[in-house]
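Below is one structure, written out as structure tokens; comments come after it.
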Amino acid sequence: MNSLTTAERATAVSATEQFRPAFHYTAERNWLNDPNGLVYLNGTYHLFYQHNPFGPDWGNMSWGHATSPDLLQWEEQPVAIPCDEQEAIFSGSAVFDEHNTSGLGTAGNPPLVAVYTSAYTEVSPLAGRQAQSLAYSLDEGRTWAKYHGNPVLDRASAEFRDPKVFWYNGGAASYWVMVAVEAVERQVVLYKSADLKAWEYLSTFGPANATGGVWECPDLFELPVDGKPEDTRWVLIVNINPGGIAGGSAGQYFLGAFDGVTFRPDSTVTEGHQQDGSRMREYGWLDWGRDYYAAVSFSNIPDGRRIMIGWMNNWDYARETPTGDWRSAMSLPRGVSLTRVDGKVVLRQQAIDPFSPAGSPIFSLGRQPLASGIVELPTAAAVARIDVEFEPGAAKSLGLVLRAGEGECTLLSYDVSEGILRLDRRESGHAGFHGSFPSLETVAVPLTDARLRLQIYLDRCSVEVLAQGGLTTITDLVFPAEASTALAIFAEGEGAHLVALDVVGR
Ligand code: FRU
């Protein structure tokens with residue numbers, strides 16, 4: 001029996017709801033981790049995800065499901081693929097099998113096919129193993145049936161998981177490709193198939209670059225550089241936990257070539273297990289914060305757009321985040337592209353903007369000198385997009401104070417001489433629930449045309465920073481008091497200019 005008084009219950013509910021994001025996906029109740037089976041079909045984006053239907057902690061792993069017409073408004077659907085006695089349903093992907101290569105649908109009604117990891121329980125004949133299995137849907141993702149021939153790929157491994165499947169278009173040699181991980185070996189393994197059921201080994205990549213944790217949730221896709229179809233790179237995504245750049249979980253990426261068999265990285269790749277980590281900052285990181293993990297991309301999105309979503313959390317403390325009976329949110333969806341900066345090809349990320357086109361500036365400042373000091377702005381921001389552009393000039397540092405209130409704030413600062421952007425959440429509010437939560441993220445961000453451009457999304461319990469048009473991102477959770485919504489701008493030393501600042505709400 002619940003012995004709480006009405007007032008106590010109201011307090012408990014508001015403690016739960018105070019951190020509930022306004023525009024990031026959360027399950028109504030219970031635990032959530034990795035995005036799974038991201039796929040677009042007939043006007044609907046499907047987000048499946050690691051979900052415990054029975055509680056706010058990791059366990060009973062099943063695929064939850066949400067749908068959206070625009071990647072912003074999500075509607076929770078019934079659990080798509082539930083765990084059972086024999087297996088937990090770990091991460092994986094989904095494809096639209098348009099030509100019914102699998103035979104799991106018909107020519108007139110081709111299936112959506114989910115490729116997931118069967119994590120077998122103790123009572124299964126395959127206890128202790130992880131292998132890849134199929135489920136299919138003939139009603140656009142509403143209901144799912146498991147394939148009777150599961151698993152379809154079993155290496156007799158205990159750590160073989162997170163299959164991402166895509167159609168490789170190699171002319172006459174076109175087929176399905178699966179990238180998955182041997183997590184503990186820090187290896188991505190590639191397979192091919194004509195029908196999603198019979199898989200043939202292609203190659204192995206890794207260990208390489210960051211190897212301080214298990215490799216999980218890989219992805220592989222091709223993108224044009226600066227939109228030129230004749231100049232492309234393949235992007236290999238490898239999530240790693242722990243051993244990420246800011247500590248704990250993170251995503252790294254490699255750029256290179258893929259010939260349908262082998263992925264070959266372009267440059268600066270350190271092969272083998274790294275012991276000292278001294279080159280960590282040279283590697284390609286999807287995000288320099290603590291809370292962007294298990295990021296993978298959608299399949300079947302028309303017109304070549306590549307959109308990724310990450311789990312906005314970190315295994316270091318995910319189980320302890322103070323949100324009550326729902327736990328964890330997804331990141332904003334991000335469009336990814338490649339661009340050349342100073343001759344080097346790099347990844348650019350742009351958020352699918354929840355404030356566009358409906359959002360309007362609730363506060364704006366135009367060009368003006370920034371005197372040394374701190375100025376509180378006459379606006380509040382807890383659910384907002386902040387666009388700000390600085391000309392640092394001769395100043396020592398500058399930045400924004402976010403989510404400020406009684407004895408707490410989140411500090412976003414730029415050290416001008418070092419060219420380093422920092423996000424400091426050590427005093428951001430409720431931070432003591434885990435020893436590794438208070439943290440300071442740092443990343444080198446060169447000025448562009450002597451300017452620093454930042455786009456910042458605030459959503460009750462998160463800060464996502466996209467710097468220099470999305471060439472660098474930092475994503476961090478924060479748990480401030482509800483009343484901590486003050487916003488301030490600061491400079492240290494003279495000579496800086498604010499070019500423009502807009503706070504966009506809705
Ligand atoms: C990544 C991960 C995956 C696994 C899933 C289990 O966060 O550990 O490797 O499939 O979560 O929930």
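The values are calculated or read from the model by the stated rules, or taken from the named source; none is laboratory data. Just so it is clear, the structure is predicted and the values come from calculations on it, not from any experiment. Positions of Cβ are backbone-derived with ideal geometry, glycine not excepted, and every protein chain shown enters the neighbour counts. Quick note on the areas: whole protein, heavy atoms, side chains included, nothing else; ligands and nucleic acids left out. Shrake-Rupley method; radii C 1.70, N 1.55, O 1.52, S 1.80 Å.
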>> If I filter the stretch 476-495 for residues that are in a strand (DSSP E or B) and either at pLDDT below 95 or over 17 Å from VAL388 (Cβ atoms) (or both), do I get at least one hit?
In response: yes
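Yes/no per residue for (1) outside any strand (DSSP E or B); (2) within 22 Å of TRP288 (Cα to Cα); (3) over 22 Å from the mean Cα position of the chain (by Cα):
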site: ALA180; (1), (2), (3): no, no, no
site: GLU185; (1), (2), (3): yes, no, yes
site: LYS192; (1), (2), (3): no, no, yes
site: LEU196; (1), (2), (3): yes, no, yes
site: TYR201; (1), (2), (3): no, no, yes
site: THR204; (1), (2), (3): no, no, yes
site: GLY212; (1), (2), (3): yes, yes, no
site: TRP215; (1), (2), (3): no, yes, no
site: LEU220; (1), (2), (3): no, yes, no
| query | Restricting attention to the stretch 359-368, does a residue exist that is open to solvent by less than 30 Å² (accessible area, probe 1.4 Å) and touching a Lys or Arg at 6+ places or on another chain (Cβ under 6 Å)? | reply | yes
Condition set in contact with a Pro (Cβ under 8 Å, 6 or more places away or on another chain) and within 13 Å of the ligand (Cβ to nearest atom), scope the stretch 14-49, selection farthest from PRO322 (Cα to Cα): answer is PHE48
Kindly evaluate ILE386 against the criterion of being open to solvent by 10 Å² or more (accessible area, probe 1.4 Å), in contact (Cβ under 8 Å) with a residue 12 or more places away in the chain and not in a loop (DSSP other than H, G, I, E, B). no
Selection from the stretch 34-51 of residues open to solvent by less than 10 Å² (accessible area, probe 1.4 Å) and among the polar types (S, T, N, Q) yields ASN36, GLN50
So, first residue closer than 20 Å to THR262 by Cβ in the stretch 225-250, second residue hydrophobic (A, V, I, L, M, F, W, C) and within 13 Å of the ligand (Cβ to nearest atom), Cβ within less than 6 Å, six or more apart or across chains; the pairs are VAL238/TRP215
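Scan the stretch 448-461 for residues that are under 17 Å from ALA380 (Cβ atoms) and assigned to a strand (DSSP E or B) and jot them down.
Correct list: ILE456, TYR457, LEU458, ASP459.
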Quick check: is even one residue across the stretch 175-187 within 16 Å of the ligand (Cβ to nearest atom), of a type in the set (Asp, Glu) and in the same structural domain as THR117 (by TED's automatic domain parsing)? yes
Per the filter on the stretch 231-245, residues part of a loop (DSSP other than H, G, I, E, B) and within 16 Å of the ligand (Cβ to nearest atom) are PRO242, GLY243, GLY244
Taking the stretch 78-137 and keeping residues open to solvent by less than 20 Å² (accessible area, probe 1.4 Å), part of a loop (DSSP other than H, G, I, E, B) and acidic (Asp, Glu) leaves ASP97
Heads up, the strands (runs of 3 or more DSSP E) in the stretch 251-335 (entirely inside) with at least 3 residues that are surrounded by 24 or more Cβ atoms within 10 Å (Cβ to Cβ) and modelled with pLDDT of 95 or more are 293-297, 307-311
Query raised in the report: Do we find a residue being under 27 Å from THR67 (Cα atoms), surrounded by 21 or more Cβ atoms within 10 Å (Cβ to Cβ) and basic (Lys, Arg) anywhere in the stretch 142-165?
Result: yes
